[in-house]
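Just below is one structure, and these are the notes that go with it.
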Amino acid sequence: MALAVGSAPRPFQCPRCRAPLPEFTIRPNEETCAACGTTFAAVAFSPPPPVVRGPEAAFADALAVPGTGGQVGATPCAAHPNHAAVANCSRCGVFICDLCRIPLDGLELCPGCFDRLSREGALGAIETHYFDASGLAIALGVVGWLTSCLGLLIGPVVIALGLKALRQRRAWREAGGRGGPIAAIASGILMTFFGLILLAAIFGEPSFLAGLKEGLK
Amino acid sequence: MIAPPPGGVELPERRLIGSAAGVAERVRVYRRGDALEVDTSSFFRITRHRVLFEEVELATIHKGRNWRAVVVCTLFGMLFGMIGAANQKAGGAIVSSLVLPPILFAFVGMALPGWVVSIQSRRTWTRMRFGVRHAKAHRVFEELLTAVRETQSRLAAPPPLV
């Protein structure tokens, strides 16, 4: 069973100021926003209504399928004693019915485990926040050169972040976009060498060592 | 910790098609299959949302100047100029040479307005700015229109008779 849900009426927005635009003005030619005066070309679409499978549909299916819905002798769901279990939770093993089953990432989870794993960030399929390793590598690369005396400390961090960014790109199946991380890694390597040379120049300098000894005395 | 999925769904490859920048955030828009994947990066944290072609209601393109960038570049140019003027003896010439790039950038931003492509769907929306690549802006807009039409007509078509 599928439920067709119509989209909530929502006005179109001006692409510049996001002021609501009356829908009837949208034509495939030049439009002008009454609020900011921006002229733009717009093409409107009529997307098909979304087809969602709500809990009511799953509930109806659970009752309709023979062998479920309180059949005598069937293993009951842990949360719904009147429903027959159709699977075990992949994490905790509890019996779950069709209403409770959450198939995700090749697993079948109960709602409790889904909540816990999503809080822990262990479910990659529902992840929407990521660490921007590439951005931090590039920013630290610039900071490292501006404070070149800290190159020996910042350089290895930049290299590690650049490698992490490349791994991220691979995991996200991104075509291209490797220029930034590779440039950051190269910058990190140069920065580290520069830091080593600076260190050698400072500590290898006889006058510097003499001055240091004088200072210590 | 759970084991990785034995046979997870293979995502289609994603390709960068445009970007935009705000005051403290950077937006990069990728095409992945029948959707746009929008990565909003703010303080080294990426928030990802998707604009599904099957839900797109409006696509627009317009010409616009990025006044924020023009003002910021002008301010930087003025700052470098003032520092250079105040320290003319001690390396002032070097600082003064830093005036040129931001002022040039501000001038180009004012003289050549960029193109902005926006896609609005039932639940989400995104915007891409193309500074000097005007042909690319129109190419991306046409590509998106074609992709949205194809996706929506495919979904609207009746299922084949078995």
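May I ask you to list the residues in segment A:1-20 that are at pLDDT 80 or above and facing chain B (nearest Cβ under 10 Å)? So that I can check it myself, show each step before the final result.
Step one: of segment A:1-20, the residues at pLDDT 80 or above are A:12-20.
If the condition is that a residue be at pLDDT 80 or above and facing chain B (nearest Cβ under 10 Å), then A:F12, A:Q13, A:C14, A:P15, A:R16, A:R18 are the ones that fit.
I'm trying to understand the selection: among the residues of segment B:22-43, which are touching a strand residue (DSSP E or B) at 6+ places or on another chain (Cβ under 8 Å) and surrounded by fewer than 15 Cβ atoms within 10 Å (Cβ to Cβ)? Break it down stepwise before answering.
Here is the first cut: in segment B:22-43, the residues touching a strand residue (DSSP E or B) at 6+ places or on another chain (Cβ under 8 Å) are B:24-32, B:34-42.
Correct list: B:A24, B:E25.
Could you list, in sequence order, all residues of segment A:30-47 that are more than 7 Å from chain B (Cβ to nearest Cβ) and either of a type in the set (D, E, K, R) or assigned to a strand (DSSP E or B) (or both)? Correct list: A:E30, A:E31, A:T32. Considering only segment B:36-46, I want to know if a residue exists there that is outside any helix (DSSP H, G or I), of a type outside the set (G, A, S) and at pLDDT below 85. No: zero hits.
Regarding segment A:109-120, can at least one residue be identified that is within 28 Å of A:K164 (Cα to Cα), surrounded by 14 or more Cβ atoms within 10 Å (Cβ to Cβ) and in contact with a strand residue (DSSP E or B) (Cβ under 8 Å, 6 or more places away or on another chain)? Within segment A:109-120, one or more residues are within 28 Å of A:K164 (Cα to Cα), surrounded by 14 or more Cβ atoms within 10 Å (Cβ to Cβ) and in contact with a strand residue (DSSP E or B) (Cβ under 8 Å, 6 or more places away or on another chain). Go through (1) modelled with pLDDT of 90 or more; (2) of a type outside the set (A, V, I, L, M, F, W, C); (3) surrounded by 13 or more Cβ atoms within 10 Å (Cβ to Cβ) one by one and return the number of the condition A:G195 breaks. Condition (1) is where A:G195 drops out.
Counting just the residues of segment B:44-66 that are of a type in the set (A, V, I, L, M, F, W, C) and without any contact (Cβ under 8 Å) to a residue 12 or more places away in the chain, which one comes out surrounded by the most Cβ atoms within 10 Å (Cβ to Cβ)? Among them, the one singled out is B:I46. Against the conditions (1) in a helix (DSSP H, G or I); (2) over 23 Å from B:V29 (Cβ atoms); (3) more than 18 Å from the chain's Cα centre (by Cα), A:L117 satisfies every one except (3).
Collect the residues in segment B:120-162 that are in contact (Cβ under 8 Å) with a residue 24 or more places away in the chain, facing another protein chain (nearest Cβ under 9 Å) and of a type in the set (A, V, I, L, M, F, W, C), keeping them in residue-number order. Hits for segment B:120-162 are B:W125, B:F141, B:L145, B:V148, B:L155.
Does A:S90 meet the test of being among the polar types (S, T, N, Q) and part of a helix (DSSP H, G or I)? Against the criterion (among the polar types (S, T, N, Q) and part of a helix (DSSP H, G or I)), A:S90 does not qualify.
May I ask you to verify whether B:F105 is surrounded by fewer than 21 Cβ atoms within 10 Å (Cβ to Cβ) and either in contact (Cβ under 8 Å) with a residue 40 or more places away in the chain or assigned to a helix (DSSP H, G or I) (or both)? Before the answer, list the steps.
On the way: surrounded by fewer than 21 Cβ atoms within 10 Å (Cβ to Cβ): yes; either in contact (Cβ under 8 Å) with a residue 40 or more places away in the chain or assigned to a helix (DSSP H, G or I) (or both): yes.
For B:F105, the condition - surrounded by fewer than 21 Cβ atoms within 10 Å (Cβ to Cβ) and either in contact (Cβ under 8 Å) with a residue 40 or more places away in the chain or assigned to a helix (DSSP H, G or I) (or both) - is met.
Determine which member of the set A:G151, A:G188, A:G155, A:G180 is of a type outside the set (S, T, Y), within 14 Å of chain B (Cβ to nearest Cβ) and assigned to a helix (DSSP H, G or I). Steps first, please.
Details: A:G151 fails: within 14 Å of chain B (Cβ to nearest Cβ); A:G188 fails: within 14 Å of chain B (Cβ to nearest Cβ); A:G155 fails: within 14 Å of chain B (Cβ to nearest Cβ).
Matching residue, one of A:G151, A:G188, A:G155, A:G180: A:G180.
Determine if segment B:47-59 includes at least one residue that is in a strand (DSSP E or B) and under 30 Å from B:L104 (Cα atoms). Show your work before the answer.
Of segment B:47-59, the ones in a strand (DSSP E or B) are B:47-52, B:56-59.
Cutting the leftovers down to under 30 Å from B:L104 (Cα atoms) gives us none.
There is no residue in segment B:47-59 that is in a strand (DSSP E or B) and under 30 Å from B:L104 (Cα atoms).
For segment B:1-24, filtered to residues that are modelled with pLDDT of 85 or more and assigned to a loop (DSSP other than H, G, I, E, B), the residue that is nearest to the other protein chains (Cβ to nearest Cβ) is B:E13.
The values are calculated or read from the model by the stated rules, or taken from the named source; none is laboratory data. All of these numbers come straight from a predicted model, not from anything done at the bench. Glycine gets a Cβ as well: all are built from the backbone with ideal geometry, and neighbour counts include every protein chain shown.
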